Amino acid sequence: MQPDISVQNLNKVYAGGFQALKDINLDIRRGEIFALLGPNGAGKTTLISIICGIVNLSSGKVFAAGHDIVKDYRAARSTIGLVPQELNTDSFETVWDTVTFSRGLFGKAANPAHIEKVLKDLSLWDKRNNRIMSLSGGMKRRVMIAKALSHEPEILFLDEPTAGVDVELRRDMWDMVRGLRDKGVTIILTTHYIEEAEEMADRIGVIREGEIILVEDKHVLMRKLGKKQLRLLLQQPLEKVPGELALEPVELSGDGFELVYTFDSQQEQAGVAKLLRTLGDLGIEYRDLQTRESSLEDIFVGLVHE
Ligand SMILES: Nc1ncnc2c1ncn2[C@@H]1O[C@H](COP(=O)(O)OP(=O)(O)O)[C@@H](O)[C@H]1O
Ligand SMILES: [Mg+2]
């Protein structure tokens, strides 16, 4: 299947000479939720801004829904909805007018029924006659989403959508995102909240210092890089890891009261059995044991700091 977004050998050098994106190659599939993860300054907003035609690319090619975003800008842009990272909403206009006008900008015929549905879905219907500038921050963000959806885009970008957002809006937003995905809308979100990507995404891309360092199906990523940990709470503290265990991935923590064994999720439990046998032979007693799986957060922190 043709990708919905195709980024090919994309480079961005800002006017001052800073290279924000380095040879990016990335295909986004139709109808997927793609999470772009990366620390602050990695280039997430730059990449999104280029695909949306807000920032010029330096070299490379980008296609959105089959349209070249440079040669065929209007066609490309009309397939895209963008909820930007920064809110620009000190407008005197009403919610209804702003969202309706936004649709018109994309050359779409008026469709009050669609605008009504979008406003109702975002709990903005009661506020439709309010001026934007009179709304709370959360409500303004809802308006930004409504604007992005006003022209029925097939691709939706959400740039750090939940940074500083209250729990209720966050929940509404994810419900909405899932609903849109079910209708076939392609969704790309950036975040540095890893739990969000873990919960929402089908695929995950990691960007660091302008380079995509990994793109993977979320479940494959968790399986491939996921580790398990066995934590034994000891009866008596140890001063160091016993020589018999020196070759194993075993560490002491908690003032010597905890023995932590880290192993691959895919590996069978043979290592655990051996460890427990060795402890038994050494007469080391434990009063409790816990296992935990590494989260996407552990994996991500490992990747970004490698
Ligand atoms: N207009 C600009 N001029 C020069 N450098 C910029 C500009 N915009 C962003 N940058 C730099 O590009 C890098 C990537 O920024 P950005 O894309 O905003 O990252 P992110 O969204 O991942 O936090 C940062 O180092 C940032 O300082
Ligand atoms: Mg950003």
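The values are calculated or read from the model by the stated rules, or taken from the named source; none is laboratory data. Because the structure is predicted, anything quoted here is derived from the model rather than measured. Neighbour counts are summed over all protein chains in view; Cβ atoms, including those assigned to glycine, are modelled from backbone coordinates with ideal geometry.
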Verdict on Ile48 being of a type in the set (A, V, I, L, M), loosely packed, with under 14 Cβ neighbours inside 10 Å and either within 16 Å of ligand 1 (Cβ to nearest atom) or more than 16 Å from Ser6 (Cα to Cα) (or both): no
From the list Ala15, Ala42, which one is small (Gly, Ala, Ser), more than 17 Å from Ala148 (Cα to Cα) and within 16 Å of ligand 2 (Cβ to nearest atom)? Ala42
Selection count, segment 80-123, where residues are under 13 Å from Arg141 (Cβ atoms) and either exposed (fewer than 13 other Cβ atoms within 10 Å of the Cβ) or away from ligand 2 (no atom under 16 Å from the Cβ) (or both): 6
Does Leu158 satisfy being within 16 Å of ligand 2 (Cβ to nearest atom) and either in contact (Cβ under 8 Å) with a residue 40 or more places away in the chain or not assigned by TED's automatic domain parsing to the domain that holds Ile50 (or both)? yes
Residue by residue through segment 1-40, note down the ones that are free of Cβ contacts under 8 Å to residues at least 40 places away in the same chain and either in a strand (DSSP E or B) or farther than 21 Å from Asp68 by Cα (or both). Tyr14, Ala15, Gly16, Gly17, Phe18, Asp27
Within segment 149-172, the count of residues that are more than 16 Å from ligand 1 (Cβ to nearest atom) and modelled with pLDDT of 95 or more comes to 8
Whether any residue in segment 50-68 is charged (D, E, K, R) and either farther than 30 Å from Glu198 by Cα or not assigned by TED's automatic domain parsing to the domain that holds Ala197 (or both) is what I want to check. yes
